[in-house]
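The values are calculated or read from the model by the stated rules, or taken from the named source; none is laboratory data. Quick caveat: nothing in here was measured; it's all calculated off a predicted structure. Glycine also receives a Cβ, built like all others from the backbone with ideal geometry; neighbour counts cover every protein chain displayed. Keep in mind that these areas ignore ligands, DNA and RNA; they rest on the heavy atoms of the full protein, side chains included. Shrake-Rupley method; radii C 1.70, N 1.55, O 1.52, S 1.80 Å.
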Amino acid sequence: RKINKLQNYKTDYLPKIYYELETYIHNDAIDFLLLDTDIKEQMKKIGIECGYSRGSVSGSLIAYLLGMTDVDPIKFNLNFERFMNKERVSLADVDTDWSPNQRNVVKEYVFGMKNVYCCDIITFNTIALKGAIKDVARALGYEPSVSDNITKIVDENERLMRKKYPDIFEYVDIVNGTIVSIGSHPCGSVVSPIPLDENMGLCSLSTTDKPVSMINMKEIDSLNFVKLDILGLDNIEIINETCKLANIDRLTPDNIIDDESVWMDMRENTTFIFQWESDSAQNYLKQLFSDVTIQKIKEKNENFSYIDLLSVGNGAIRPAGASYRNELAKGEYRDNGHESLNKMLSPTLGYLVYQEQIIEFLNKFCGFTMGEADIVRRGFAKKTGTEQFIPRIKDGFIKTMKEKYDVEEKTSKELVVNFIKVIEDASSYLFSLN
């Protein structure tokens, strides 16, 4: 990757390499990395290129050097602990995007590897509330128009519908959530050094020629099996095929040119822009990339870049961005009431946007170690709740602000409100910068 030619090779790159390697050895994850590297190297030999990176693995410099990713985490200031740390001895996921028309080639290679055992992951298909209403109403002899009407109203006024149709809801409550069929996960596969039929049980389905696990995703995670997500992404296929047709080198974050006219074109139309294709997302990008907003941000942030702003915006359009979405679109900076807090959040206009920022906030201002902070982050990312951590976060913040910055308890309680709000909102969905 020629990082040894860079000026900060010895100061930034080498220490990170040694730090990561120590963590990988401690977590017994070397084979895990080599497995992923082998798959990508073999695919590259036959002309199949994967996406540049997705998710937490982007924070690993060693993953970049091995060719697992095309994202240099030093260049983009990404967080390694979000991927793996010594305090959480478990294997993180490495999600990889492939061209949809080539996914099957990748999967066949993985399932054909020597000395490993593979299977797809089972999914349990359940009846949702509206489906339950329609099924029960039909069984009880109601006209389809009745169940259609109930399903239109039930979200806004379930109590009224229950009162009006008690006979239907008596059975809906029994049927709702019932497993009616099983299938296989569209992307997830298990790769194991031990026989899977002896350790988790396998079954066969008519919809796939691959063996399928008898236990679902969360149980597989808890038992620490290696899970590969072989994802299909149209955008990657478009990029790869376009570069071939144009007879140019495949574009990567290492060779791409940052052209402002492209960003402005994106502002006008987000077709094929990953995660920005909906009408609401496109309308938001028009506001965020407006000349007025850009000018405001540039005045406050001398290190302004469009990719950073696009990333912040991508967090803002998720549920966890509800508390700052409108202000961000206008280029308004949030004053968090203290210089140290504003400095930490200056890259994102003073808003708490990313999972990594929550890790940093918990570590620097609440007394958590990086590993402990990541455990809290995992709690809300997996939607398992954060309520148990809120009192400790508040107490740690008050203590740190007093000891380090001589801020009184009353003021600290007021300052922490916005942070707690975003952490609670993050249970809905919070992006990782990685």
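Taking the criterion of being buried (at least 22 other Cβ atoms within 10 Å of the Cβ) and part of a helix (DSSP H, G or I), the residues of region 358-371 that qualify are ILE358, ILE359, PHE361, LEU362, PHE365. Would a scan of region 329-336 turn up a residue that is hydrophobic (A, V, I, L, M, F, W, C), within 22 Å of GLU360 (Cβ to Cβ) and open to solvent by less than 50 Å² (accessible area, probe 1.4 Å)? Checked against the condition, which is being hydrophobic (A, V, I, L, M, F, W, C), within 22 Å of GLU360 (Cβ to Cβ) and open to solvent by less than 50 Å² (accessible area, probe 1.4 Å), region 329-336 yields no hits at all. The residue pairs whose first member lies in region 364-379 and is under 21 Å from LEU345 (Cβ atoms), whose second member is outside any helix (DSSP H, G or I) and modelled with pLDDT under 80, and whose beta carbons are closer than 7 Å, counting only pairs six or more residues apart or on different chains, are ASP374/ARG88; VAL376/THR386.
The residues on offer are ILE74, ILE62, and the sole one that is assigned to a helix (DSSP H, G or I), at pLDDT 95 or above, out of contact with any Cys (no Cβ under 9 Å at 6 or more places or on another chain) and open to solvent by less than 50 Å² (accessible area, probe 1.4 Å) is ILE62. Quick check, is TYR24 open to solvent by 30 Å² or more (accessible area, probe 1.4 Å), hydroxyl-bearing (Ser, Thr, Tyr) and in contact (Cβ under 8 Å) with a residue 24 or more places away in the chain? So TYR24 does not fit the description; no. If you take the residues in region 102-125 that are among the polar types (S, T, N, Q) and closer than 22 Å to VAL191 by Cα, which one is surrounded by the fewest Cβ atoms within 10 Å (Cβ to Cβ)? Among residues in region 102-125 that are among the polar types (S, T, N, Q) and closer than 22 Å to VAL191 by Cα, the one surrounded by the fewest Cβ atoms within 10 Å (Cβ to Cβ) is ASN115.
Among the residues of region 160-179, those that are within 30 Å of LEU223 (Cβ to Cβ) and open to solvent by less than 90 Å² (accessible area, probe 1.4 Å) comprise ASN176, GLY177, THR178.
Report yes if ARG88 is touching a helix residue (DSSP H, G or I) at 6+ places or on another chain (Cβ under 8 Å), within 30 Å of THR369 (Cα to Cα) and touching a residue at least 24 places away in the same chain (Cβ under 8 Å), otherwise no. Steps first, please.
Values: touching a helix residue (DSSP H, G or I) at 6+ places or on another chain (Cβ under 8 Å): yes; within 30 Å of THR369 (Cα to Cα): yes; touching a residue at least 24 places away in the same chain (Cβ under 8 Å): yes.
Answer is yes for this residue.
Among the residues of region 378-434, which ones are among the hydroxyl-bearing types (Ser, Thr, Tyr) and modelled with pLDDT of 85 or more? Give the steps one after another, and end with the answer.
Here is the first cut: in region 378-434, the residues among the hydroxyl-bearing types (Ser, Thr, Tyr) are 384, 386, 400, 405, 411-412, 427-429, 432.
Across region 378-434, the qualifying residues are THR400, TYR405, THR411, SER412.
Looking only at residues of region 209-219 that are open to solvent by 30 Å² or more (accessible area, probe 1.4 Å) and touching a residue at least 24 places away in the same chain (Cβ under 8 Å), we find that the one that is farthest from ILE133 (Cα to Cα) is PRO211.
Considering GLN355, GLN388, which residue is among the polar types (S, T, N, Q), buried (at least 18 other Cβ atoms within 10 Å of the Cβ) and closer than 23 Å to ASN85 by Cα?
Working: GLN388 fails: buried (at least 18 other Cβ atoms within 10 Å of the Cβ).
It is GLN355.
Only residues that are within 20 Å of ILE256 (Cβ to Cβ) and either in contact with a Ser or Thr (Cβ under 9 Å, 6 or more places away or on another chain) or without any contact (Cβ under 8 Å) to a residue 12 or more places away in the chain (or both): list them for region 41-54, please. Matches in region 41-54: GLU49, CYS50, GLY51, TYR52, SER53, ARG54.
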